[in-house]
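To keep things clear, I will list the structure first and then write my remarks on it.
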Amino acid sequence: MYISLEALQKLNFVDKAIIHSHDQSLYLLSVEIDGKEYFVKTSKNSFLESSSKTGILSQYPITKLGDVWLRQNTPYDEMIGLSVGVDNTLA
């Protein structure tokens, strides 16, 4: 599910912001609102992204923010020939 940056900016409180770490310096943002997770999209309908962890949060002002999590997915298992279906998410 997705939420636009404009709709996100209108909210007074977000339960949780989750920064998704992909590759070497690609970070995407999702937010948790009322127990549901939404990836944040810009007005150009692309994912809100940044090359730094702090840069992604500075792209939108939220007056009240609950938790901030970093979630990292790594392709290491696949690269060394281990089973692909195993979830190795670090949160």
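The values are calculated or read from the model by the stated rules, or taken from the named source; none is laboratory data. Please read these numbers as outputs of a predicted model, since none were measured by experiment. For neighbour counting, all protein chains shown are included, and Cβ atoms are generated from backbone atoms with ideal geometry for every residue, glycine included. For accessibility, only protein heavy atoms count, side chains too; no ligands or nucleic acids. Shrake-Rupley method; radii C 1.70, N 1.55, O 1.52, S 1.80 Å.
General observations
- Once the stretch 66-75 is narrowed to residues that are under 14 Å from the mean Cα position of the chain (by Cα) and surrounded by 12 or more Cβ atoms within 10 Å (Cβ to Cβ), the residue that is modelled with the lowest pLDDT is Asn73.
- Here is the figure for the stretch 1-10: residues that are open to solvent by 60 Å² or more (accessible area, probe 1.4 Å) and at pLDDT below 90 total 3.
Conditions tested, residue by residue: (1) at pLDDT 85 or above; (2) within 10 Å of the chain's Cα centre (by Cα); (3) open to solvent by 80 Å² or more (accessible area, probe 1.4 Å).
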position	(1), (2), (3)
Asn12	yes, no, yes
Asp23	no, no, yes
Val40	yes, yes, no
Glu49	yes, yes, yes
Tyr60	no, no, no
Asp77	no, no, no
Asn88	no, no, no
